[in-house]
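Worksheet: the structure to be examined is printed underneath.
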Amino acid sequence: MAERTPLWAIFVLPTLLIVVAVVVAGLDAVLAAGARNGRSASLRETAVRASRPGREALRHLVQQPRRTRASDVPLTRIGTALLPVAATLAAVVLPLGFRSVSDLPEGIVWFNAMEALAWAAVWLAGWGPNSALSLIGGYRFLAQGLAYELPHMLAITTAALGAESLRVGEVVDAQAGLWFALWMPAAFGIYLLSAMAMAFWGPFDQPAGADLAGGAAAELSGVDRVLFLGGRWLLLVVAASFSVPLFLGGGHGPVLPGWAWTVLKTVVVLVFLIWIRRRIPTLRMDRYLELTWVVLTPLAILQALVVAVVVLNR
Amino acid sequence: MADRADDRDELRLDRLHIPLGPALADWPSGLVLRLTLQGDIVQEATVEQVPTPPSPQPPFWNEPFLHAAAGERIPKGDAARRLCAAHLDSLARFFAVAGWADMAARAGYVRDRALTGDAAAELSSLVRPLIRRAERSRTLRWLTAGLGPLPAEQARRHGVTGPALIADGDAHDRMLVWLDAVGWNAAAVDGVEVLDAAQVVGPRGHVLGAVPGSRALLDVLPGLLGGAEFACARIIVASLDPDLDELTHVSAAGMVHG
């Protein structure tokens, strides 16, 4: 398992993440345009629709940045830059096939810690501009953290428990025979929910909700906006990809090489996440909090208990 | 700008005064709500309206109904078409505020198709999946039920006559009334009989009443907003969806007809 990873992987990783994020954003844009203007008439039109996120990003980059009065510029900057950085750092432990940039002995904890950085990022980006709407967006993400984080941590702990290791590589190895998703379905489901929640995406996009004119991102412009919203796509891609080594057997699979399986499974998860967002309106966190604390947390504990008993009797 | 006051849990918290509107995505244009917030809970709300010169133009959504009331021969199909589009327009805002971008986009798309003159069969086939999805969405019910309850009795007291009165309930009920109306109006857009001038009801209520439908909706609004969380407040506003064009027109009529 412990194959050495070449140094250039450090540079390939962010590039790869960005490429996947752009493709996913393009797919999402095609679906959104389909709902707004009907089915596209030609392949050309589809391509134009798919390129929209890219064009938007370019437009923001050349746009005159605007700034609110008495905004806290350094804090806003730290917040917006932190989001893509946190996503990329979290991806360091992601194995492509059976190789990751760094297979840390406590990789799962590392992932969770980097993902918690996103809390700080969104909060700072919302608080910095001195604007009521973005402030509410920042608040909302903290409430969201309270709602999703507890069952989420229990879910990833369950995967670690099943493999008896916090090393992501060993979690993958433990699934050579049977994927964790199959015998820990509750933990897998909870992980998928929290994957959306941590990227404040899909039914969990309230912190950046349209009712707040973009919420935490409401006042961001120019490079800041591209970094923040791009960082959010990166976070979504990373969160979705991490479900593959944790629950879907990583690179294990017949015929195809390991890396191909990883890519294939990641694509399936991402497509599912994009589809689900079109089906469900945004969840209000005051409602979701009830569900997580009364249903999901006990469920996650129960799941961990079952796994623990199985592991002890092995 | 922040002062402090007791909140609902008897803590002394900062109060933030912010205006919402007049220009905000998916917001009734021209409406200004002055909110006093603690955190993101609305403590008080007052309704204002951007001063606009009275317009001789009839409000777009009420047009066929006003013409019919003035004695013109308007085909029932035209009225149904306008009503269908008006409710789809309201629904688009409602879905957008509830965070269902996909459905909001779809409702907007069907609204445009309705206005550009699709036939009943075509329109119904577009509208049906939309209605089915919104009616069956348990999540939407879970998220919007219980917000801004407006019993029929209270609505009548304020002079509300439109869907909000029929709904006799919360934001989710009002949405269901719209969906219902969209369904049967979409099926009726081909109607050629003449609209009966005696009983014209526009998308927001009677078009000839002493108080315009939207005025009554604005009157009930502040009472529904107190204690609502910010997102809920926006859903409540969207579920009533007052049309401020109605107000400017009536004042014009008042001037013209003395």
Extent of the range A:1-96 along each principal axis, from alpha carbon coordinates, in Å, largest to smallest?
50, 47, 20
Taking only complete DSSP H runs, can you tell me which helices of chain B stretch 24 Å or more along their own long axis by Cα positions and average at least 0.0 on the Kyte-Doolittle scale?
B:76-97
Choose one of A:L182, B:Q43, A:V101: the residue whose Cα lies farthest towards the positive end of the charge dipole of the protein assembly as shown (beta-carbon charges +1 Lys, Arg; -1 Asp, Glu; about the Cα centre).
A:V101
From fewest to most C-beta neighbours within 10 Å, the residues B:S239, A:S40 line up as A:S40, B:S239
For the range B:109-258, averaging the sequence separation of alpha carbon pairs under 8 Å that lie six or more residues apart and dividing by its residue count, the contact order in percent is 25
Nothing charged except the Cβ atoms of Lys and Arg (+1) and of Asp and Glu (-1): what's the magnitude of the dipole of the range A:128-238 about its Cα centre? Round to the nearest 20 debye.
120
Averaged over A:210-218, number of beta-carbon atoms from partner chains that fall within 10 Å:
4
On average over all directions, what projected area in square nanometres does chain A have, based on the convex hull of its Cα atoms?
17.2
Per-residue mean of C-beta atoms belonging to partner chains within 10 Å, peptide B:95-107:
6
For the range A:307-314, what does the Karplus curve 6.51 cos²θ - 1.76 cosθ + 1.60, with θ = phi - 60°, yield as ³J(HN,Hα) per residue in whole Hz, taken in order and with x for Gly and Pro?
4, 4, 5, 4, 5, 5, 8, 6
Ranked B:T248, B:T52, criterion: other C-beta atoms within 10 Å, fewest first:
B:T52, B:T248
Using alpha carbons only, how many degrees (0 to 90, rounded to 10) separate the axis of helix A:222-247 from the longest principal axis of chain A?
20
Any chance you could list P(r) for the range B:41-99, counting all Cα-Cα pairs in 10 angstrom bins from zero, rounded to whole %?
17, 30, 33, 16, 4
Rounded if a/c under 1.5, otherwise prolate or oblate - the range B:31-188, Cα gyration tensor axes:
oblate
Radius of gyration and maximum dimension Dmax of the range A:176-261, Cα, Å:
16.6, 50
Taking Lys and Arg as +1 and Asp and Glu as -1, residues besides B:H67 with C-beta under 11 Å from its C-beta add up to -1
What number comes out for the charge environment of B:L218, summing +1 per Lys or Arg and -1 per Asp or Glu over other residues with Cβ under 12 Å away?
-3
If R0 = 35 Å, then B:A5 and B:V50, at their Cβ-Cβ distance, give a FRET efficiency to the nearest 0.05 of 0.80
Rounded to the nearest angstrom and ordered from largest down, what semi-axes does the equivalent ellipsoid of the range A:124-251 get from its C-alpha gyration tensor (root of 5λ)?
33, 14, 11
Would you mind giving the mean number of other chain beta-carbons within 10 Å of the Cβ of each residue in A:275-282, as a whole number?
6
On a 0 to 90 degree scale, rounded to 10, what angle separates helix A:52-62 from the longest Cα axis of chain A?
50
Which GluC sites (Glu not before Pro) in the range B:1-89 sit in a loop by DSSP (not H, G, I, E or B) and have at most 11 other Cβ atoms within 10 Å of their own Cβ?
B:E10
By the Kirkwood definition, with r running over pairs of different Cα atoms, the protein assembly as shown has a hydrodynamic radius in Å of 25.8
Taking 8 Å as the Cα distance limit and 6 or more residues as the minimum spacing, I'd like the relative contact order of the range A:74-141 as a percentage.
39
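Read-outs: derived from the displayed coordinates by stated rules, not from any lab. Since the model is a prediction, treat every value here as computed from it, not as a measurement. Using ideal geometry, Cβ is built from the backbone for each residue, glycine included, and neighbour counts are taken over all protein chains shown.
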